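K.L.:
What follows is a structure written as C-alpha cells; I'll ask about it next.
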Amino acid sequence: MSITSDTLRGHTDAIILTRLLAGDSYGYAINKGVQECTGGAHSFKEATLYTAFRRLEENGLIRSYWGDEGSGARRRYYAITAEGRQACRQHVEEWESTKHLLDAMLSDA
Amino acid sequence: METIRDNIRDAIESLLVDAVDSAAKSEVIDELTDTLCAKYEDLLAQGMDEDSAFDQVLSGIGDVDELVAFINASAAQESQSHFDFDAAFQGFEQIMGQVKSAINQAKEPIKDAFHQAKGPIKDAVHQAKGPIKDAVNQAKGPVMDAVHQAKGPIKDAAKEFTENIRKVGHDFNAATRSHGQYRYDRSISSDGIRGIDIHTTSGDVTVGFSEDDNIYIVEWTKTPLEEDHQAEVTVRPDGVLCVSQGRSAASSIFFGWGMLNSDLEIFLPRKNWSFVRVNTSSGDIDFGPGISLDSLSVRTGSGDLSCQAAACGALTTHTISGDVNCSGVTGTVSAESTSGDILLAGTPTQVSAKMISGDLNLRCGSMPQSLDAATVSGDLRVAIPENDGFSIRYRKVSGSLQSDFNLMTTLNSHEGEAVYRSGSLRPAYTFSTTSGDIRITRV
C-alpha cells in the first residue's frame, strides 16, 4: 500500500465526520461528496465506509435513523452528535500539528 | 430494475456469508443494497453498459472482513443484552421515576394557572386573552425548570443504560472509555504459556500481576483505534505469548510516525516465568515489584527500564538513552547503554556492563564470579560485601580509583592491577574508564 492510501485510511472517521458537519446524509451521498471534493481522486470502498459508520455510532460520535424513500427502499441517514463535532475538531487540530511536524521534518534544510 | 436490485442484494449476501444472521447483518445488507443500486444507476447514466456497471459496483465494496467482525461482535452483544436485559435496565427505572415526579411537580402550577384563567374566560371572552397569555407565561417557567431539571437525570440514565448494556455484553475488541482514554481489553488463559514477547513502537509497557490464572492485556489510547491498529495478541505453539502493537503493516507507520500512540498494561499470574522479552523504541518499561523470571531481555531506545524483581535469573539490556534500574538480579547480567545510566542490585553471578557516557552503579549482596565494566566518560561504582580477597585490573585516564578495601596498588597509575588480601587466587574484575572515576565500596 502506498503512503497516501494508508494515511487516508487513518483519517476515515474524521473525513466522514467532516462531511456530516454540513448536515445529515446517507452513505452513497457522503462517498460521492468525498469523490467530488477530491476531484475524483479518492472515494471509500463500501466496506471501509460502513465499518467506519458502525464504529462511529458505537462510540457515540454519530447517530443514524432510517428515512422513508417512498419507493420501498430503506435508506439509512447519519447525523453527527455533539461529541462527534468535538472529536472532529480535535482530530483536525491534531492533524494540523502533525502536518506541521511532517512538513518541518520532510522539507529541505 | 427489480431484478438488478435482487442481483446486487444476492451478491452482497454471499460476500457477507461469514457474518451470523442478526438484525445488524440485515441492516448492513439493506444499506449496502441501497447504496450500490444508487451507484449502479449513476454509472448507467454516465453511459456505462449494464455488465460493466454491475462488476464495477461489486468490486468497489472492498475487503469485508472488518465489517463481518463488526456484525458478529454486535450480534454477540445483541444476544447477550437480551439474556440479561433486566440488569441493563437497573437504575434506569429509578431515574425515570425521578423524571416522572419532576414532570408531576411541574404539572400542578400549569393546572392552577389554567384554573385561574378559566374564570376570566367565562366572564369576557375578549378580556380573557390577556390572563390566558399571562397564565401560560407563568406556567412556562416551571415547565422549563422541570424539563431542565429532568435533562440531567435523563442523560445520566441513558449513560448508565448504555454502560449496563456494555457490561452484560462481552465484546473484547470494542473500546470502553475510562479516565478520558479508550481502553481495549483482551484476556487469555496462562495455561501452557511460559514466556512473553512484547513489541511496541510508541508507548509505555507496564507489567503487573493478575489475580487469577489469566493473562490480561489492556491497551490504552487517547483516540479510538481501528481494529487494524489494536495490539495483536497471539500464542505461538512453543508456549510464547506475543503481544505487538498494531496488526497491520500500516500500523507500524502510524505508530512509528507518532500519529498513533498506545500504552500497554500486561497482567501476569504470579508464577515463575521462563522469560520475558520486551522490544520498544521510545516507551518506558515498568515491572511491578516482585516478579520472578528466569530471564529478562529488554531492548529500548529512549525509554527507561524499571524492574524490582523478586528474582531475575539472566538479565540482558540494550538501551540508548534510557536508564536501567533493576533489582533482584540473581544470575548473569549483560547491560549495554550509550548515554543511559545502569543501576543494578542483587546477587548477580556474572556482570558485564558497557556504556559510553552512562554511569554504572552496581550493588552486590554476594561476590560475583566475574565483573567486567567499561565506560568512556561515566563513573563506575561497585559495592561488594567483605570477602576473602579479589583482584582488579583497571584502566583509567583522568579519573581516580578509590576503594573502601585496602588495595595493594601502584599509586596514581593509569593502568594496572590492584589486589585485596590473597586476591591473586580470587575473582579478577576489570574496570575501564577514560574520564570517569572508579569506586569500589563495602556493602
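The values are calculated or read from the model by the stated rules, or taken from the named source; none is laboratory data. Owing to the predicted nature of the structure, the values given are computational and were not obtained by experimental measurement. Cβ sites come from the backbone with ideal geometry, for glycine too, and all protein chains shown count toward neighbours. These accessible areas exclude ligands, DNA and RNA; they are computed on the full protein's heavy atoms, side chains included. Shrake-Rupley method; radii C 1.70, N 1.55, O 1.52, S 1.80 Å.
K.L.:
So how strong a dipole does the range A:18-109 carry about its Cα centre when Lys and Arg Cβ are +1 and Asp and Glu Cβ are -1, to the nearest 20 debye?
P.N.:
Roughly 380 debye, rounded to the nearest 20.
K.L.:
Next question, about the same structure. Tell me which of A:102, A:78, A:67 sits at the most positive position along the dipole axis of the range A:13-109, charges placed on C-beta atoms (Lys, Arg +1; Asp, Glu -1).
P.N.:
Sorting the options by dipole projection puts first A:67.
K.L.:
For the range B:206-226, state which residues have at least 40 Å² less accessible area in the presence of all protein chains than in their chain by itself, taking the probe as 1.4 Å and leaving out ligands, DNA and RNA.
P.N.:
Buried by the other chains: B:226.
K.L.:
Determine the dipole magnitude for the range B:175-263: charges of +1 sit on the beta-carbon of Lys and Arg, -1 on that of Asp and Glu, nothing else is charged, the reference point is the Cα centre, and the result goes in debye to the nearest 20.
P.N.:
Rounded to the nearest 20 debye, it is 240 debye.
K.L.:
I would also like to ask the following. Ballpark to the nearest 100 Å², how much total accessible area do A and B bury together, probe 1.4 Å?
P.N.:
By this definition, chains A and B bury close to 3000 Å².
K.L.:
Bin by bin, in steps of 5 Å, what percent of the Cα pairs in the range B:2-83 do you find, going until the bin that has the longest distance?
P.N.:
It works out to 3, 15, 24, 21, 14, 10, 7, 3, 2, 1, 0, in whole percents.
K.L.:
Just to be sure I understand the interface: list residues from the range B:48-69 that lose 20 Å² or more of accessible area between the chain on its own and the complete protein assembly, 1.4 Å probe.
P.N.:
Checking the loss per residue gives B:60, B:61, B:66, B:67.
K.L.:
Right, something else. In the range B:268-411, what percent of the accessible surface is made up of carbon and sulfur (1.4 Å probe, ligands and nucleic acids excluded)?
P.N.:
Ligands and nucleic acids excluded, carbon and sulfur give 49 percent.
K.L.:
If you don't mind, another one. With unit charges on the beta carbons (Lys and Arg positive, Asp and Glu negative) and the dipole taken about the Cα centre of the range B:175-263, which residue among B:225, B:209, B:237 sits farthest to the positive side?
P.N.:
The Cα lying farthest towards the positive end belongs to B:225.
K.L.:
Starting from the Kirkwood radius over alpha-carbon pairs of chain A, derive D by Stokes-Einstein at 10 °C in a medium of 1.306 mPa s and give it in µm² s⁻¹.
P.N.:
Using the Kirkwood radius from Cα pairs, D works out to 105 µm²/s.
K.L.:
Right, here's the next one. Using per-residue counts of other Cβ atoms within 10 Å, averaged over each peptide, order B:239-249, B:358-368, B:206-216 from highest down.
P.N.:
Packing proxy ranking, top to bottom: B:358-368, B:239-249, B:206-216.
K.L.:
Sticking with this structure for a sec: Buried by at least 20 Å² relative to the chain on its own: which residues of the range A:33-70 qualify, computing accessible area with a 1.4 Å probe on protein heavy atoms?
P.N.:
Residues shielded by partner chains are A:45, A:46, A:47, A:50, A:51, A:54, A:55, A:58, A:59, A:66.
K.L.:
Per residue, what accessible area does the range B:175-263 have, given a 1.4 Å probe and all protein chains present, in Å²?
P.N.:
Per residue, the range B:175-263 has an accessible area of 43 Å².
K.L.:
Give A:32/B:222; A:99/B:222; A:32/B:25; A:45/B:25 a once-over and call out the pairs whose C-alpha atoms are over 27 Å from each other.
P.N.:
Long pairs (Cα-Cα over 27 Å): A:32/B:222.
K.L.:
Quick one: with all protein chains in place, what share of the accessible area of chain A is carbon or sulfur, to the nearest percent (1.4 Å probe)?
P.N.:
About 52 percent, which is the carbon plus sulfur part of the accessible surface.
K.L.:
Whenever you get a sec, compute what percent of the accessible area on the range B:175-263 sits on carbon and sulfur atoms (1.4 Å probe).
P.N.:
The nonpolar share, carbon plus sulfur, comes to 48 percent.
K.L.:
Write down the accessible area per residue of chain A in Å², having rolled a 1.4 Å probe over the full set of protein chains.
P.N.:
55 Å²
K.L.:
Label the range B:175-263 by shape, choosing from rounded, prolate and oblate, from the square roots a ≥ b ≥ c of the eigenvalues of the Cα gyration tensor; if a/c is under 1.5 it is rounded, and otherwise prolate applies when a/b is larger than b/c, oblate when it is not.
P.N.:
In terms of gyration-tensor shape, oblate.
K.L.:
What dipole magnitude, in Debye to the nearest 20, does the range B:284-443 give about its Cα centre under +1 on Lys/Arg Cβ and -1 on Asp/Glu Cβ?
P.N.:
Dipole of the range B:284-443, to the nearest 20 debye: 420 debye.
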